[in-house]
Amino acid sequence: MPLSEHEQRMLDEMERNLYGGDADVVSARGERMRPNYRFLTMGVIIAVAGIGVMIAGVMAQMILVGVAGFAVVFVGVIVASRPASATAVSAKTRPARAGGFMQRMEQQWEDRKEGRG
């Protein structure tokens, strides 16, 4: 049973929206994030110091010191997991091999997105 004209238009619109959403996901995956080792190292050191403070608080039976140690561990984890957005390397800025597989796939995707394919 063939689709009516209205159903065909709705299907085309849904397909365009789907391709637009997929393009967002693909472009987000196109960037490779490099870890920021400075923040990672500082975060680990802060977290280890916080664990030491937390253990000292438990040994001294001082709840406030234990809670403060937990807060320091939390801050260390936040610092260590800080996103490295400033050091992101875009796939378009990296030198690509001429005629590579990924480059051809990206070109086909762009052509399809712009309606040329």
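Just one residue in the set Val26, Val73 is modelled with pLDDT under 90 and surrounded by 11 or more Cβ atoms within 10 Å (Cβ to Cβ); that residue is Val26. For Gly52, the criteria (1) at pLDDT 95 or above; (2) farther than 12 Å from Ala80 by Cα; (3) surrounded by 14 or more Cβ atoms within 10 Å (Cβ to Cβ) hold in every case but one, which is (3). For first residues located in segment 51-63 and free of Cβ contacts under 8 Å to residues at least 12 places away in the same chain, partners that are surrounded by 15 or more Cβ atoms within 10 Å (Cβ to Cβ) and lie 6+ apart or on another chain with Cβ distances below 8 Å form the pairs Val58/Gly66; Ile63/Gly57.
The values are calculated or read from the model by the stated rules, or taken from the named source; none is laboratory data. This is a predicted model, so every value here is computed, not measured. Glycine also receives a Cβ, built like all others from the backbone with ideal geometry; neighbour counts cover every protein chain displayed.
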